[in-house]
Structures are given as structure tokens and as C-alpha cells.
Number of protein chains: 2
Amino acid sequence: MTSLRVALCQMRVHPGEPARNAGAMLRRIDEQRGKADLLVFPELCVPGYFVGDGWERPAFLRECELWNERLVAATAQAGAPAIVFGTVAVEWGTRGEDGRPRKYNAWVVARDGKALEHPGLRRAYGVKTLLPHYREFEDGRHFYDARELARDEGRSWEDFIEPVALDVPGGSLRLGVLLCEDAWEDDYVQKPVAALAAKRPDLVVNLSASPFTRGKNDKRNRVFAAKARLLGCPLAYVNAAGIQNNGKTLYTFDGRSTVYDREGVVVADAPAYEDTVEVVEIARTVDGGPWTVENEEKPGRKNVPVVSTVHRPPSTAMIPEVYEALAYGAQQFLASTGLDKVVIGASGGIDSAVSAALFASFLPPENLLLVNMPSRHNSDTTRNLAKQLADNLGCLYAEVPIEDSLAVTRAQLHELNAVSGSGSHSVTLKLEGLADENAQARDRGARVLAGIAQSFGAVFVCNANKAELTVGYGTLYGDIAGFLAPLGDLWKHEVYAVGHYLNDSVFGPRVGHSVIPQGIFDIVPSAELGAHHAVDEGKGDPLVYPYHDRLFFAFVQRWNRATPEEILEWYAAGNLAVEVKLPQDLDLKKLFPSATDFIADLERWWNLYNGIGVAKRVQAPPVLAVSSRAFGFDHRESLGPAVYTERYRTLKKRLLS
Amino acid sequence: MTSLRVALCQMRVHPGEPARNAGAMLRRIDEQRGKADLLVFPELCVPGYFVGDGWERPAFLRECELWNERLVAATAQAGAPAIVFGTVAVEWGTRGEDGRPRKYNAWVVARDGKALEHPGLRRAYGVKTLLPHYREFEDGRHFYDARELARDEGRSWEDFIEPVALDVPGGSLRLGVLLCEDAWEDDYVQKPVAALAAKRPDLVVNLSASPFTRGKNDKRNRVFAAKARLLGCPLAYVNAAGIQNNGKTLYTFDGRSTVYDREGVVVADAPAYEDTVEVVEIARTVDGGPWTVENEEKPGRKNVPVVSTVHRPPSTAMIPEVYEALAYGAQQFLASTGLDKVVIGASGGIDSAVSAALFASFLPPENLLLVNMPSRHNSDTTRNLAKQLADNLGCLYAEVPIEDSLAVTRAQLHELNAVSGSGSHSVTLKLEGLADENAQARDRGARVLAGIAQSFGAVFVCNANKAELTVGYGTLYGDIAGFLAPLGDLWKHEVYAVGHYLNDSVFGPRVGHSVIPQGIFDIVPSAELGAHHAVDEGKGDPLVYPYHDRLFFAFVQRWNRATPEEILEWYAAGNLAVEVKLPQDLDLKKLFPSATDFIADLERWWNLYNGIGVAKRVQAPPVLAVSSRAFGFDHRESLGPAVYTERYRTLKKRLLS
């Protein structure tokens, strides 16, 4: 019997820091000397993945090359395991299509101080075949792929997919290596897994840098289990941990590295987000026979094959993993700023309460400061709820009323005269209505919270949710401001669900009681910027969240992205509730008594989503992504008018006549 | 003799508005009935180019298809010309690599009410071969290209590059069509122009959607003249006009459509930015002989071949075209907001003065309001300069002092106590130093300017220049705020140059005098936020612009993007001044007496560029691009630490020892 101890090195990858990443890998290699036979590291674990246009800095590329060499050299140490890792490979003498030195998203297998030559590619590395160009991914912006290379060289791309012969204790093993997207082949004409399967590997590793989004882990288990069956050998998926961002959007990388046996059974899995090693033993009992992986059941994991049924959990079922991503992402992103204190404007509403409880779940109470900033429009109800929240969390609290400051602003800007030098032009300005409301929001954000954060040595938080961000319901430099919008990828009903989860499953077991007062769940959502927002009279936001959450989801997140044309067609056909999955208790007829009402509402929000909403998002804080379409880098958009198609206009005319 | 009147329809393209674009095209077709024989429209002129992820909306694609069909049908009218236009072609039944319906960046030739079949592709359209994936371009995110299609179908990509036989008065013409990047083939392995040349076209048209950047027009003339010679036939380049944006970055499309004869001589060119038609006549005197284009000299254009010499004008030589782009872009972007009034915070410094003069160059004076917002730190010098500027421009002016408001803020936030409910934690905050300075900036931006803009029915402008934006020298929600940063792609020395141009070449001829007072050019640049910024004592910004402009250029804009490693190597080798093109009168030794000083400065700004600078840019207003690397969509970056390579650290240690 031949056997091999394979260590899945799920590691926290720090984008743009090759020395730090490779340093951690070198320590891992040293630690595993004499223990494991093969260490498997994630995709691009030396350079990191989301490094913007850092790939255009030759010094960065040279630094990566330096550490690649040191990693390879480290396998020469006595008892050192073989390694496989993802990194950037540079061909300085050839060009990519951007005219810069050609770069590959590559993998290296090294043993005994040498990088093994890829038999098909005839290079000391292999390269990724499928480069994703969608959502937050843009591999093709910087990397050349195996298919392009094959085309240029007049060869077949399948030639570049070839197992590497790896000497192992008592024999040799055909190791197949795939990089992330190579296994997500279903939408591509070229199928790397199928190509690799045809070359009969003994073991396949997939090195990934795959961000968390809600439900993705379930989907990945279904896809990879099927691929393991196709390959007919064990498949080890090794994913990065940590956080990475594209400026506008922050992603968590949840690791969750997993080993599938050739039946698609999960036989080992690493915990989410941890920097950890999971060792499995694979063995061949018969010379020339298949390699199999030890299959030991663990508490909490039943080793049965994952099957490709379509599994759609109800909308709140994945809240635990959403909370986990929010808490990990917010904590790590805060740490990346170099600060460890947080200021939150606490209005007494649900968004700021969930935001506060989220940060309180990992911060010492003296590092969290809630600030309530009442004006004449704020009710005692919400002020008391904000105070009660802070008391429950045990954190710092201050009340900073804004009426005095607003009085100065009104005195200066209301009835302000502006005159040209010759006196031929003049104007008298009035600060009233919406302008006065927005002045309140900016006074809170840009004056009070930004000032307090700076003097506290802290960051402050943007509490906006996804429904508000969709239509720009919020004030730029006011409540749309802060270092991060941790709830910016949650629809309003999801904010409530996370709030309940924080009460029941995070703080409940920890402190024995809820922290978010029930009153915060019960009051009507309101900005409290004027008399028309009086919460005690049940007045609040113009958004009817149970409806608008789903309408906006259809605009933003639906696979075939909906426009007013589809919405109106569904409305006319009577199947809107089914198409956009409205809550069963929502009475559409009551909400919109006539088609005129329905259309007016539809156009109001479509105009805002495509108009001022875009302008606000351009200047909004980074959003912490938990869905498969977060605002920012994964939701590319241009400032421009809201457009209605001819089919929409025809249908509208018919409905209104 | 056979002849053909070809009309270059340089049109303003409105992204995302197929009905509007196609409507204009239909009017053009109608207008040219009986006049021109062939109308040539730009690339993607039906859908527009920068539409974000609008390509993922099926209703948008169907709307484009509807208008494509109507355009083709319009050629059936009596006397209607043939047309060639760029649009999106959708194959609903096949998939792109994002799993969505496959889309092509395509061209259509239509005549007599029918789209001509592409002989190689066997479709009623041709498709782009080279998809740019760099800078602000991301064609591959949504489009499939001819090379991918050829690979999937097991054919050669050259098969898909084939002239179309077009019936013309008295014969037939082999019309070659290329889309934009197809002619910028030099960095690609596949060469569409060469492939087309081999198939002997009679006339080639290049349909483009090519944004203006400084110097690009000269480069394009050199490239296209060479391509015309390679093709051996007339080459008509038809580019879009208008503005398009990617949210964070605004681009002007300058048109400048041009006809080259087969010697590479420019024989016709359309004016920049205009929605216009340029008609040329091409003719064949001998049956089977070459088609030539009429070559009539016009005032201001000498018809000599453009040759491919490397032409590097000095840094200020292109200021007229930069000003033209700024004025066009700012004017059109303002119009796109639906507002026609502008508020500018006028500090008495150069940035706000250039910004004000720029908007004054196209706005009626009563639509422009300058606001000076002095605190105790502002000198009479700058206050008077701001007033004098407004007087010179004849626009509205108001002074809104900020001391009263700051007094409220200081009273509230300085010595503010925050306490936890149990009293076990408490803190007393102090608003002082930098926190007090930033409070002033935010008071001006978020309180005064945002409030005034809203009550005036106006937008307000972010006056930040590129040097400030590089290192985040500015306050978020303060001076880094506004609807647009029109100067955000200009280095400080370029801001001065545009200022002089506005005085001497824009306002001088128009009003007979300078508008920006000389004093504004003469004073030291200063934020005037504290005693250490006293302009009358010559104190101001920590940036030494003549040096830092060039250092930051090397970080941001240099082709091989520099890092401290290269900078320090050049410094050590004594050739920094040459490498980063320092002004000749700059005394580096005086600026940095020792290597310690040099390195401290280098690391200070590198840390800011990669640190807080990124965080501020994420929330900064859109930048109007004029360079080939504007901040935003063309300068992708991630929030993260500033990193120093091992080679840098080694060299630093050597220099400091």
C-alpha cells in the first residue's frame, strides 16, 4: 500500500503582500516537515487576488517572483513536503494584450527544491484555462489564459491540461491541478475538468480564491461533488481565507476547503474563515489501482454523496452564514484601517441598531460609541430606544442635539443674498423643505459623527441598507457616509432577520437577554426629518419594504435583470406576486388601488435607481458583500437617465386607457 | 468612372438610449436620401458603449434589436443610402462565458431594406475581433469576440474578416469594416488589419467609440495613416461624439472622424465633439482599378502623409485640447444632471479659480455662484482675490463665514463626555489639531456648499486636483465632495497652465482682460486651515508641487508604474531628475538635504497614496478624464496597506547606513 498525507493549507491571504503571504507559507512548510507529504495552498496565495492594477507594477511582480523562488527552494529542506501553490507567473519578454509583460494566473508544483515542469505547457508552471470576466472578477484584464496561449501557438488547449507526475512515498502519483474557475466550467465551451478526467489523474486539487456569497457553499458542494465523480478520483478544494476588496466592495473569503472522494462524498472540510490546515490521507492499496481517501465521519458531518438537486432554502435560512460573513468582514476590515474603535449614529431605528449590535459582537464595549443626535423632529420613543440599546450593549453613549447647529445654518443660508459685483444679478436663497431635511442629515454625518470619530480615534459606520442604496434614499455626506456600509448588501427584511439572529443566537446565549429592544423592531422605519416622518403617528419612510425590497431585488439581483417592462408585463398578467416572490400577506391591490398608482410608484423608483441613486452610490462608502450582486464593483453602472423601452410605453398606454 | 459619396456620420451617442440614438440616425438617413450613397456611423452607436451592466437587461437588448431592425428597414426607402453602423448583436440561444445570452460588439451593413450577410461569418452582421480589457475598457465582460467564436467552431479567425460586396452606382465595392480596437492591433498576436488587407478591400471603414485623452488624436493619426498604407485603400475612421461615463470616471468622446487616402494622407476630418456629417467622394477611374478619395486641401489642413515619427509635445503644448475636453465634458455632464446652475467654493486659490473660470466660460453669469467661506485662518489676501475673481467673471457672489458654526461644533464636541449605561466606561473627547482642521473643511462642503447648492437648484463642484487626490490631501465630505471633479485629472502645474489659457485665450479675446487675478497665480497654495498655513507668511501645503507632481505621475501614470523601489534606485543612481522629468530649476539637493529626508518624504506620500488616498477616492466625486490614467475606473485599486519590496528595503538600508 502506498499512501500520501495531503495537507490542505487554507490560509489567510493578504492581497498585495507577497512577503507576508509567502512568509506564512514558509512557516507552514517548516511546521509540516516529516508530517505531511504534499501541501496544497490556494490560488494566487503569494500575490493575493484583488490587487486592483497592482499587476502593472514591475516591482510588485519581481517581488512575487522572488518569493515564488524561495517557496520552491524551501522544499529542498530535509523532510520537507512537496507543495502546490497558486501565484502569478510573468513572461517578461512577451506581451499581454494590454502591451505589458504577459502574466498568467498560474500554479507551481515543487519538490526537492525544484519546480516540476508542466508536461504539456513545457514551463515550470501550469496556467488557468478559464478566466472569469463577470461580477467582481476581471481576470482577463491582467492575465493571459491557456486557451489564448494555445491559439497563439497553434496547439490545442487540452494539451495544457495534464497531470504532473509527483514522486510520493513508495511510488508516483498523477496530480491534476485546476485553478478555481477551471472547475466552474458549465457555462464555457471548453471543459477543463472533462479534459483532465480524460488524462486519468490519481488526485486533483483545485486551488481557489473564491469570495463568500450567500448560498455559494451549497452550490459549490453540488458542483464539486459532481466534478469528483467525473474525475473518478479524490478532489481537494483549497480556498483562501481573509478579506479582499475592489475599493467599492469588500469581500470575505470563507475558506471552507473540502475534500471529496471519487463518489462525491465530503470526507473532510475545514472551518469557515480560519487560517488552518486540514490533513487527509490518500492511499492506493493495489498497485495501479485507484487512490482513495480516508473517509472518517466527524460529528456534524455525515459522509453521504452530495447530489445535484436544486436546493433553494427560504430567504432567512442562510442568516447564520450571512451574520458570520458580516462579523468577520467588519472585524477584519476595521483591523485593516489600523483603528480599533467605532462610532455609530444610533437613531433608535433598526439599521443602526443592527449595525451597533454587529460591532458589539466583537468589540470591547469601551471601543464602541453610540451617538444619538436628536433634532426637534425626533420622538422620545426613538431617543429612548437608542439609549436602551446602548445600555443593553454596555457600550459608550452620548447625546449630541443638532438644533443649535441647524439654527446657525438656517440663519446663514435661509434668505441668503448672493449678488454679482456690478449688482446686475442677484438671488435670495431659501433653505426649506427637502433642503432643510438634508441639512439635518449632513449635520449629523459630516459634522457630528465625522468629528467625534476623529477625536475618538475611531471610524464611523454607514448604516444604509440595500433598499435605501438602490434608490438613493439617504443623504450624501450625511447618512450615506462612513468607513464601511456593513448592511449595504442586505435588503430591509434581511436587516430585521439579522437583528433577530443577533438577539436570539449571538447575544442571547452570551448575555442571557436580547440587546436590540423589541420596540426597535416594532416602530415604523422613519428618517424623522420632518413632521411627515412622525413615528408615533405611524408615519415614516416612503418605502413599503415588504414590496419594494422585492421590486428592487428584481431590478438589481435577478439573474435576468428586470426593468419596468417585465414588471409591468407581470402586473398586467396578474403574476407579479409569483415572479418577484412577494410575501403572501402583501395585498397588492390595497397597496396600489389602480394601475395608475402602480405605474407611478414603479417609475418613481426606477427613475431614482437609475438617476440620483447611481450618483450617490458613486460616492458611497464601500459595501460589505454577502449576495451575488453587491453594489460597487459587482454592479457596474453609469450615471445617466432612466430609460423606458418601447414595449413598456405601449403596455403602459394600454393599461392607462 | 464609378463614384460613391460616403458620409461620415459623426454623431453624439447617448449611452443606454437606443430610441434616441436610432431616432437621430433615422433622421440622418432621411436627410441624406439622394445625397450620399453610404452612411457610416460609429461603433455601438445604437446602444452606446459605457452602459455598465445594462447589457444584462434582456429588455435593453430587445430594445436595441428593435431599433437595429428599423434602421435596416429605413434603407428600403426610395433613394435611401446604404448604411453601416455599430450595434450589439444578440444570440439568445447560445451563451457567453457569463452564462447569459451571447452578445457581440457587431457591425451591420444594410442596403435596400436588408442587412447584408457577412460572407465568412454567415450571419447578418460582422463582429469585433479584438476586445480591449485594459484602462476603462472591459469589452470582454459582456461580449464574445471573433477569435473565441472561431475557436469554438474550429475555424480560423481570419475567416471572419472579409469585405462585404456592396452594390454601388455603376458597380460593386468590397467594403471592409473594422471596429475600433481591430485597428489598434499592434499589441495583439492576431492582426485584423493585416488579415483584411490580404483580402483586398476597396474601402475600409473603422467604426469607433474612442474617448478623448490628451495626445491620443496625434497617435491615432499616426496609427491609422500606417494602417491605410497597409490596406492600400482609403480608410474612413468614424468616431462617436458626446460624453459617457463609468460612474467614477467621465469621458468625452471627441469624434474627430477622419478619412485617410491609401498613402496615409488625411483628406477629410470632422471637427471635434460636433454632431456632424462629413461627406467625401471616392471614385474608381479604371474598371478593376483602385478606389481613390478626393483630395481637396482645406484651410488649416495640409494634405501630407502622416508619418509614424514619435512625436512628444512638451507638457503644456496640448493645453488647448485639454481645455476643450474640460469645457465640453463639464458642460455636457452638467446638462445631464438636469440642472443648469453651479455653486463653487472660492477660496482665493488657483484650483477653485480655474474651476470657476471653466464653468463661467459656458454658463450665463447669473447661473454661477461663488461662495467664499472664511474662518479666522483665512487671510484678507485670499478673500479679496476670491471677490475679485467673481467680479471679473460677473457672476453671483456670497460670503458665508464659518466661525459661528464652528463655535457650536467646538462647544459640542470638544470636551464631549461619553459614558456607558452602568458608568463603568467613559471617555472625554477633544476636537483639536487635525480634527479641528477637518471640521472646517466639512463645514464648508457638507454644510454650506451642499446647502446652498440645494436651495439654489444647483450642483456644487469639487475643485480637487490630481496631486491632492493621489495622496488624499483633502477632506472627505469637505473639499472632496461635489457633483464632479473637473480638475481631478490635472496635475497642479497643469491647473496653472489651464488657468493661464483661460485668461489669455478664452476670456482675453472674449472680454478683453484676464479673469483670474495674477495674485491667485502668485500666492503659495494653501488650505488655510491653521496658523501653519498662513499664506501671507508664505506658508501653505506640504506638497512641493513641482516635485510631487512628477513623483506622483510616476506612481500613477507612468507606463511601467513606479514604486519606491524604482524611485530610490533612480535617486541612488543620480538620475531621478531625468527619469521623472523634474523641472530643470528644481534643486533636489536643496529640497532633500539628505537621503533620510528624501526617503521620509517618499514613504510619507507612498503610504498616503496607497492608504487613506484610496479610501478617499472610493468616496470621491466622478473625475473628468483627460489623461490616459484618470482616477476611478481606469485606475483600479484596493484598500490596503502600502507595501515596500525587499529590494527597496535593502537599498534603503544601504543609503541610510
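The values are calculated or read from the model by the stated rules, or taken from the named source; none is laboratory data. None of the values given here were measured: they were computed from a predicted structure. FYI the Cβ positions are ideal-geometry reconstructions off the backbone, even for glycines, and counts take in every protein chain you see. Note: areas computed on protein heavy atoms with side chains; ligands, DNA, RNA excluded. Shrake-Rupley method; radii C 1.70, N 1.55, O 1.52, S 1.80 Å.
Odds and ends about this structure:
- On association of chains A and B, roughly 9800 Å² of accessible area becomes buried (total for both chains; probe 1.4 Å).
- Accessible solvent surface per residue of the protein assembly as shown, calculated while the other protein chains remain in place, 1.4 angstrom probe, Å²: 34 Å²
- Antiparallel %, DSSP beta bridges [both residues in chain B], to 5: 60 percent
- Convex hull volume per residue, computed on the Cα atoms of the protein assembly as shown, equals 182 Å³.
- Once the Cα-Cα distance is subtracted from the 0.36 nm per residue extended length, the A:Thr94 to A:Glu69 segment shows a gain of 6.9 nm.
- In order along the stretch A:150-163, the Karplus-derived 3J(HN,Hα) couplings, from 6.51 cos²θ - 1.76 cosθ + 1.60 at θ = phi - 60°, round to 4, 4, 4, 8, x, 10, 8, 4, 5, 4, 8, 10, 8, x Hz, and Gly and Pro are given as x.
- Evaluating kT/(6 pi eta Rh) at 4 °C and 1.567 mPa s, with the Kirkwood radius of the stretch A:467-612 over Cα pairs in the Stokes-Einstein relation, gives 76 µm² s⁻¹.
- At 0.692 mPa s and 37 °C, Stokes D of the stretch B:29-142 from Kirkwood alpha-carbon radius, µm² per second: 220 µm²/s
- Both radii were evaluated on the Cα set of the stretch A:550-645; the Rg over Rh quotient, with Rh as the Kirkwood radius, amounts to 0.98.
- Relative contact order of chain B, defined on C-alpha pairs under 8 angstrom at six or more residues apart (%): 11 percent
- Förster-model FRET efficiency, 35 Å R0, B:Phe362 and A:Leu434, C-beta, rounded to 0.05: 0.80
- Charge dipole magnitude, Cβ of K and R +1, D and E -1 - the protein assembly as shown, Cα centre, debye nearest 20: 1660 debye
- Listed residue pairs exceeding 21 Å between alpha carbons, taken from B:Lys103/B:Lys227; A:Lys128/A:Lys227; A:Lys227/A:Lys581; A:Lys128/A:Lys191; B:Lys191/B:Lys219; A:Lys248/A:Lys616: B:Lys103/B:Lys227; A:Lys227/A:Lys581
- Note on A:Ser156/A:Ala78: beta-carbon distance plugged into 1/(1 + (r/R0)^6) with R0 of 41 Å gives a FRET efficiency of 0.50.
- Of all DSSP beta bridges confined to the stretch A:160-251, the antiparallel ones make up roughly 40%.
- Under-5 Å amide H pairs with B:Leu490, H placed in peptide plane, nonlocal only: B:Lys466
- Inverting the pair-averaged 1/r between distinct Cα atoms of the stretch A:99-182 gives 13.8 Å as its Kirkwood hydrodynamic radius.
- The share of accessible area on the protein assembly as shown that comes from carbon and sulfur is 51 percent, using a 1.4 angstrom probe.
- The equivalent ellipsoid that matches the C-alpha gyration tensor of the stretch A:192-256 spans semi-axes of 27, 12, 10 angstrom, in descending order.
- Global form of chain B, assessed from the alpha-carbon gyration tensor, a/c cut-off 1.5: prolate
- Taking every DSSP bridge with both residues inside the protein assembly as shown, close to 60 percent are antiparallel.
- The stretch A:160-204 - convex hull of the alpha-carbon atoms, volume per residue in Å³: 66 Å³
- Derived scalar couplings between HN and Hα for the stretch A:48-61 equal x, 9, 8, 10, x, 8, x, 4, 8, 9, x, 5, 5, 5 Hz in order, rounded to whole Hz, by the Karplus curve 6.51 cos²θ - 1.76 cosθ + 1.60 (θ = phi - 60°), x for Gly and Pro.
- Per the Debye formula on identical point scatterers at the alpha carbon atoms of the stretch B:335-492, with no solvent, log10 I(q)/I(0) at q = 0.18, 0.21 Å⁻¹ is -1.08, -1.39.
- Nearest 10 degrees, 0 to 90: helix A:492-501 Cα axis against chain A principal axis: 70 degrees
- Taking a Cβ cut-off of under 12 Å around A:Ser156, the surrounding Lys, Arg, Asp and Glu residues balance to a net charge of 0, with basic ones at +1 and acidic ones at -1.
- Once backbone amide H atoms are built at 1.01 Å from N, B:Thr645 has B:Glu565 as its partners under 5 Å, excluding neighbours fewer than 5 places away on the same chain.
- Label-to-label distance, B:Leu339 versus A:Asp536, with points set 7 angstrom from Cα along the beta-carbon direction: 3.6 nm.
- Tilt relative to chain A, helix A:403-413 - C-alpha long axis, 0 to 90 degrees, to 10: 80 degrees
- Net +/- balance of residues flanking B:Gly613 in space, Cβ distance below 12 Å, scoring K and R +1, D and E -1: +2
- Amide H contacts under 5 Å for A:Leu203: A:Arg174, A:Gly176, restricted to partners 5 or more places along the chain or on a different chain, H placed in the peptide plane at 1.01 Å from N.
- Each residue of the stretch B:69-85 is assigned a 3J(HN,Hα), and the resulting list reads 5, 5, 5, 4, 4, 5, 6, 7, 5, 4, x, 6, x, 6, 9, 9, 9 Hz, derived from the Karplus form 6.51 cos²θ - 1.76 cosθ + 1.60 (θ = phi - 60°), x at Gly and Pro.
- Charge tally around B:Glu579: other residues with Cβ under 10 Å, Lys/Arg +1 each, Asp/Glu -1 each, net +1.
- Set the Cα radius of gyration of the stretch A:36-80 against 2.2 N^0.38 Å, with N its number of residues, and you get 1.39.
- Cα shape, the stretch B:421-481, gyration tensor, a/c 1.5 rule: oblate
- Bridgeable aspartates and glutamates around B:Lys653 (alpha carbons under 18 Å apart, same-chain partners fewer than 8 residues away excluded): A:Glu63, B:Glu565, B:Glu566, B:Glu569, B:Asp597, B:Asp601, B:Glu603.
- With a simple spin-label model that places each label point 7 Å from the Cα along the Cα-to-Cβ direction, the separation between B:Asn607 and B:Leu655 comes to 1.6 nm.
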